[in-house]
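Q: Handing you a structure now.
The values are calculated or read from the model by the stated rules, or taken from the named source; none is laboratory data. What you see is a predicted model, and the numbers here were worked out from it, not measured in a lab. Neighbour counts run over all protein chains shown; Cβ positions are idealised from the backbone, glycine included. For the accessible areas, the whole protein counts, side chains as well, though only heavy atoms, and no ligand, DNA or RNA atoms are used. Shrake-Rupley method; radii C 1.70, N 1.55, O 1.52, S 1.80 Å.
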Amino acid sequence: MKKIPYVLFISTLIFAPLAFGTVEQWSLLTVEFLITLAVLFAAIHLINTSGRLVAAPGLVPLLLLTGWMLLQIVPLPVFLVRVLSPASYQVYKPVYDMLADNPWMPLTVYQKATVFECIRIVSYMLFYFLTIQLLGNGARLKQTVKICSWLAIGVGVCAILQKFSSPDKIYWFRHAPSSSLIGPWVYRSQYCGYVEMILPIVFALYIYYRPVAHSKESLRVRIVSFFSQASGNLSLLLGLGCLILITSVFVSLSRGGIISVSLSFLFFLLVMGWRRARYSSLFYFSMAASLILAVAWFGWDPIIGRFDQLFTRTGALNIDRFAIWRDSFPIVKDFWLTGSGFGTFLNIFPGYKTILDNCMYDHAHNDYLELLTDGGIVGFALVFWFVIAVIREGWKMIGRRRDRYSILISIGALTGIIAMLIHSVSDFNMHNGADGLYFFFLCGLLVSAGNTRLQYQAESTLLPALPGASKYPFLFAGAVLLIAVLAVPGRSMLALRKYDEVRTVYLSRQLADKYLQQVFLALKEAARLDSLSGMYPSLLGEVEGYMNNTDSALAYYVQAGKKDPTQGAFLQQIALTLPADRRQYAEVLMERGAKWTLRKDNSLLTHADWLLRTDQRAKAIEVLRNALKQDTKLTTIIPLLQTFSFTREETAAVLPGAADPWIEYGAFLQKSGNLDDAGYFYNHAFDILAGETTFQARWFTLLYTFYRSRNEDKTALDVLRLGIEKLPDYAPFHIWLGDAYAQEGITYRAKEEYQQALLLEPKNESLKKKIEKIKVKEGADP
């Protein structure tokens with residue numbers, strides 16, 4: 001019983017980074033389950049042996065943070081939500097306005113996401129508390145530090161080998177189509193988050209075991225002394241491990257990781273200098289030279305290229321995260337007190353997104369900003385309080401302790417925390433399962449290393465003991481968390497397995513009632529298992545609709561909307577099912593659905609289709625125009641335009657002021673045989689083409705071939721000349737222009753264009769023949 005909690009504790013630390021960085025539900029569930037078991041066994045052992053718990057800095061803000069997350073989750077009276085968070089009330093209002101009664105509502109805009117996030121963070125809190133309890137023993141402290149260090153070095157070796165031997169597969173067998181894949185992580189920044197936290201610990205061990213050489217001795221004597229001491233080889237391996245980890249960060253090409261590692265390493269050296277642990281210039285020079293040579297082996301050019309991407313050709317900053325941050329500030333303004341709910345950034349962001357694309361932004365790429373959007377000023381203040389309490393305790397003990405090992409490991413743990421805090425400015429590593437776990441582990445390690453006595457007779461730790469009765473709340477917390485893990489993430493996974501049984505069934509009115517009933521029963525069971533999800537009620541409503549049970553379908557859609565009012569598809573399903581006499585509700589739901597949905601192109605098309613069917617043609621035109629601005633493909637809109645017989649003028653009103661959609665629609669009309677209308681759209685495209693900032697050769701090709709087919713040679717040549725001006729390295733344009741000059745008898749200009757094309761395509765034999773033909777003709781002329 002005594003060893004079980006520690007074995008589970010170490011197993012969690014080993015499993016989290018190796019399980020693909022703990023980014024999937026099964027791996028996070030495993031980590032949470034291991035933590036709860038470790039807590040339960042530790043509490044039972046303490047109760048049976050009359051052991052004691054020691055105080056943990058920051059315990060009060062952690063308990064308050066737990067209470068704050070629970071307050072976000074539990075339903076409150078509607079009037080109270082309206083007072084505390086008017087923005088949350090407005091999110092729920094379109095669905096709640098349809099209900100006859102006046103039910104309660106939560107502060108979070110999506111309960112399921114906040115419940116999952118609450119379980120994750122509470123698991124980390126307990127792991128932090130457990131770390132302090134278990135590592136109050138010096139032998140365990142040293143053993144844990146060694147295990148984590150060698151594990152990190154192993155991961156670093158794997159990352160470098162995998163990067164260059166199998167860049168698209170994790171562990172050489174699991175395919176992950178991502179250019180940023182490295183080690184067990186799909187996302188390089190999260191890999192760097194793990195490394196930058198553990199690297200200072202490895203470096204601290206390297207310094208601790210590094211044999212001490214006297215500066216007055218010769219270099220030869222120092223080398224002999226280094227390898228003759230027992231710790232020399234271990235120090236050499238740890239130094240090599242540090243080099244491997246740093247190199248892997250540079251090889252990953254994560255700009256945030258490189259900056260964080262560099263700044264945190266500088267912090268480590270400054271603190272070491274403050275503690276009067278100075279080393280010779282040869283020591284620093286050898287470390288820097290080794291790093292430069294190691295990275296140079298793999299090449300500096302990709303690294304320099306990654307940092308060059310931060311700037312445009314004019315020298316302006318080109319950071320795509322700025323757009324996400326800009327759209328996140330209004331969320332902070334609207335949810336400043338309570339936040340939208342922990343874990344709900346993915347749900348709330350689409351309603352504020354102005355970025356014109358169809359990408360899904362699940363995080364703000366700034367942990368501080370996301371903490372404000374999700375937790376409000378209260379959540380931010382409580383997290384800040386906890387971090388400051390831990391850092392303050394660690395810094396105090398670094399200044400007080402005299403044990404060299406304790407000082408070095410404390411500095412290493414503090415540096416790892418600082419590195420993560422720096423990196424959190426530009427990324428979301430705290431939302432990665434493994435990185436979040438290791439951050440709380442480092443907080444516990446900082447406290448433990450600063451307070452654990454490696455040599456003691458009475459007490460093994462300097463931390464004060466908690467009252468004996470505190471063991472029972474500790475046991476209770478573990479039991480409650482275990483129930484929560486099994487009841488929410490556990491049942492959610494079972495629901496997904498149930499849904500997998502019918503996932504591939506294509507639902508339609510042509511599907512036999514027997515099969516529709518089978519799907520209905522499977523979805524009903526999945527909805528029972530995962531009562532917080534809106535997906536299963538939504539699918540149940542769809543099945544009911546195919547079985548012509550309109551009232552039941554509407555009830556299920558409303559249920560889905562209540563569970564997740566930020567899911568635009570649910571709101572639009574309600575609107576489409578409402579009877580004609582409730583059109584005003586349907587209109588509000590349609591507009592809200594288009595605003596909140598993750599995939600705005602689909603929702604905007606649904607909205608436009610509904611508007612057209614309800615004779616609101618002018619509004620539909622505006623919605624379609626906005627859809628095209630959202631990076632929607634024109635091909636998805638064309639069937640709608642054809643179904644509702646859009647005129648030339650109406651179609652022109654739909655198309656935005658960019659050349660691409662005008663050209664594509666002209667090409668569609670050309671293929672359909674409507675050449676007059678095609679010419680209208682092509683002409684307009686040509687008029688605005690010169691003002692574009694980016695160009696595609698296909699645009700000029702379509703315009704040129706169309707005008708040539710209509711014998712509009714002058715316009716065709718104008719298109720070619722503009723194409724050559726904007727895309728001078730595209731050889732076919734020069735060839736076509738040369739052909740035109742040759743037909744007009746302007747042979748010298750034809751030859752110039754052919755020669756320019758030949759520079760671009762030196763192996764083009766037909767070009768050489770054309771040039772030779774002109775030369776022969778020029779020689780034959782008197």
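Q: Is it the case that Pro762 is open to solvent by less than 90 Å² (accessible area, probe 1.4 Å) and over 30 Å from Gly666 (Cα atoms)?
A: yes
Q: Here is a follow-up. Restricting the search to segment 587-605, which residues are under 21 Å from Lys93 (Cβ atoms) and of a type in the set (Asp, Glu)?
A: Result: Glu587, Glu591.
Q: Let me ask you something else. Got a number for residues in segment 467-485 being touching a residue at least 12 places away in the same chain (Cβ under 8 Å), touching a helix residue (DSSP H, G or I) at 6+ places or on another chain (Cβ under 9 Å) and open to solvent by 40 Å² or more (accessible area, probe 1.4 Å)?
A: Of the residues in segment 467-485, 2 are touching a residue at least 12 places away in the same chain (Cβ under 8 Å), touching a helix residue (DSSP H, G or I) at 6+ places or on another chain (Cβ under 9 Å) and open to solvent by 40 Å² or more (accessible area, probe 1.4 Å).
Q: If I go through segment 351-368 residue by residue, how many of them are within 16 Å of Tyr110 (Cα to Cα) and open to solvent by less than 30 Å² (accessible area, probe 1.4 Å)?
A: 1
Okay, residues lined up against (1) open to solvent by less than 20 Å² (accessible area, probe 1.4 Å); (2) within 19 Å of Ile574 (Cβ to Cβ):
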{"position": "Val83", "(1), (2)": "no, no"}
{"position": "Gln90", "(1), (2)": "no, yes"}
{"position": "Val95", "(1), (2)": "yes, yes"}
{"position": "Asp101", "(1), (2)": "no, yes"}
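Q: Something else: What number goes with the only condition from (1) under 27 Å from the mean Cα position of the chain (by Cα); (2) under 25 Å from Gly379 (Cα atoms) that Leu64 does not pass?
A: In the conditions (1) under 27 Å from the mean Cα position of the chain (by Cα); (2) under 25 Å from Gly379 (Cα atoms), Leu64 misses (1) alone.
Q: Let me ask another. If you check Lys633, Lys671, Lys619, Lys629, which single one turns out to be touching a residue at least 60 places away in the same chain (Cβ under 8 Å) and either over 34 Å from the mean Cα position of the chain (by Cα) or open to solvent by 40 Å² or more (accessible area, probe 1.4 Å) (or both)?
A: Being touching a residue at least 60 places away in the same chain (Cβ under 8 Å) and either over 34 Å from the mean Cα position of the chain (by Cα) or open to solvent by 40 Å² or more (accessible area, probe 1.4 Å) (or both) holds for just one of Lys633, Lys671, Lys619, Lys629, which is Lys629.
Q: Residues in segment 1-32 that are of a type in the set (Val, Ile, Thr) and either open to solvent by less than 40 Å² (accessible area, probe 1.4 Å) or within 19 Å of Leu486 (Cβ to Cβ) (or both): how many?
A: Looking only at that region, the number is 5.
Q: Which of the residues belonging to segment 522-581 are over 18 Å from Thr114 (Cα atoms) and among the acidic types (Asp, Glu)?
A: Glu525, Glu542, Glu544, Asp551, Asp581
Q: Pick out the one residue from Tyr438, Tyr456 that is more than 30 Å from Ala526 (Cα to Cα) and modelled with pLDDT of 95 or more.
A: Only one candidate passes the filter, namely Tyr438.
Q: For the list (1) open to solvent by 40 Å² or more (accessible area, probe 1.4 Å); (2) of a type outside the set (A, V, I, L, M); (3) within 18 Å of Arg708 (Cβ to Cβ), I need the number of the one condition that Pro732 fails.
A: (1)
Q: Moving on. From the list Val378, Val387, pick out the single residue that is under 14 Å from Tyr128 (Cα atoms), touching a Leu at 6+ places or on another chain (Cβ under 9 Å) and either open to solvent by 10 Å² or more (accessible area, probe 1.4 Å) or modelled with pLDDT of 95 or more (or both).
A: Answer to the check: Val387.
Q: Can you find even one residue in segment 403-412 that is without any contact (Cβ under 8 Å) to a residue 60 or more places away in the chain and either over 22 Å from Val271 (Cα atoms) or open to solvent by less than 40 Å² (accessible area, probe 1.4 Å) (or both)?
A: For segment 403-412, residues without any contact (Cβ under 8 Å) to a residue 60 or more places away in the chain and either over 22 Å from Val271 (Cα atoms) or open to solvent by less than 40 Å² (accessible area, probe 1.4 Å) (or both): present.
Q: Starting from segment 103-116, take each residue that is of a type in the set (Gly, Ala, Ser) and list its partners that are in a helix (DSSP H, G or I) and open to solvent by less than 30 Å² (accessible area, probe 1.4 Å), counting only C-beta distances under 8 angstrom and pairs at least six apart or across chains.
A: From residues that are of a type in the set (Gly, Ala, Ser), the pairs are Ala113/Asn347.
Yes or no, residue by residue, for (1) farther than 29 Å from Tyr352 by Cα; (2) in contact (Cβ under 8 Å) with a residue 40 or more places away in the chain; (3) of a type in the set (A, V, I, L, M); (4) crowded, with 16+ Cβ neighbours inside 10 Å:
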| site | (1), (2), (3), (4) |
| --- | --- |
| Ala512 | yes, no, yes, no |
| Leu523 | yes, no, yes, yes |
| Glu544 | yes, no, no, yes |
| Gly561 | no, yes, no, yes |
| Pro565 | no, yes, no, yes |
| Pro579 | yes, no, no, no |
| Ala594 | no, no, yes, yes |
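Q: Looking only at segment 708-729, filter to residues that are assigned to a loop (DSSP other than H, G, I, E, B) and in contact (Cβ under 8 Å) with a residue 12 or more places away in the chain; which one of those is surrounded by the fewest Cβ atoms within 10 Å (Cβ to Cβ)?
A: So the residue we want is Asp729.
Q: Then there's this: Mind checking which residues of segment 33-51 are in a loop (DSSP other than H, G, I, E, B) and open to solvent by less than 50 Å² (accessible area, probe 1.4 Å)?
A: Gly51
Q: Of these, Asp615, Asp609, Asp687, Asp601, which one is of a type in the set (D, E, K, R) and over 22 Å from Ala575 (Cβ atoms)?
A: Among Asp615, Asp609, Asp687, Asp601, only Asp687 is of a type in the set (D, E, K, R) and over 22 Å from Ala575 (Cβ atoms).
Q: Can you tell me how many residues within segment 642-664 are assigned to a helix (DSSP H, G or I) and surrounded by fewer than 18 Cβ atoms within 10 Å (Cβ to Cβ)?
A: 7
Q: Taking the conditions exactly as written (surrounded by 15 or more Cβ atoms within 10 Å (Cβ to Cβ), part of a loop (DSSP other than H, G, I, E, B) and in contact (Cβ under 8 Å) with a residue 40 or more places away in the chain), does Leu463 satisfy them or not?
A: Here the answer is yes, as Leu463 does meet what is asked.
Q: Looking only at segment 52-78, how many residues end up being in a helix (DSSP H, G or I), open to solvent by less than 30 Å² (accessible area, probe 1.4 Å) and of a type in the set (A, V, I, L, M)?
A: Matching residues across segment 52-78 total 5.
Q: Select from segment 317-350 the residues that are farther than 17 Å from Tyr368 by Cβ and among the charged types (D, E, K, R) and write down the one among them that is least open to solvent (accessible area, probe 1.4 Å).
A: Asp334
Q: Same structure again: Could you tell me whether any residue of segment 675-688 is open to solvent by 40 Å² or more (accessible area, probe 1.4 Å), aliphatic (A, V, I, L, M), in contact with a Leu (Cβ under 9 Å, 6 or more places away or on another chain) and part of a helix (DSSP H, G or I)?
A: Scanning segment 675-688 turns up at least one residue that is open to solvent by 40 Å² or more (accessible area, probe 1.4 Å), aliphatic (A, V, I, L, M), in contact with a Leu (Cβ under 9 Å, 6 or more places away or on another chain) and part of a helix (DSSP H, G or I).
Q: Residue by residue through segment 173-210, note down the ones that are part of a helix (DSSP H, G or I), aromatic (Phe, Trp, Tyr) and in contact (Cβ under 8 Å) with a residue 60 or more places away in the chain.
A: Within segment 173-210, Tyr191, Tyr194, Phe203, Tyr208 meet the criteria.
Q: Also, I was wondering about something else. Within segment 174-191, work out how many residues are under 14 Å from the mean Cα position of the chain (by Cα) and either closer than 17 Å to Ser260 by Cα or of a type in the set (Val, Ile, Thr) (or both).
A: The number of residues fulfilling the criteria is 6.
Q: Name, by its number, the condition in (1) of a type in the set (S, T, N, Q); (2) touching a Lys or Arg at 6+ places or on another chain (Cβ under 9 Å); (3) more than 29 Å from Val502 (Cα to Cα) that does not hold for Gln616.
A: The one condition Gln616 does not meet is (2).
Q: Another one. Out of all the residues in segment 495-505, which are surrounded by fewer than 15 Cβ atoms within 10 Å (Cβ to Cβ) and under 22 Å from Ala113 (Cβ atoms)?
A: Within segment 495-505, Arg497, Asp500, Arg503 qualify.
Q: Here is a check on your reading of the model: is Ala553 open to solvent by less than 30 Å² (accessible area, probe 1.4 Å), touching a His at 6+ places or on another chain (Cβ under 7 Å) and either farther than 14 Å from Met98 by Cα or in a loop (DSSP other than H, G, I, E, B) (or both)?
A: no
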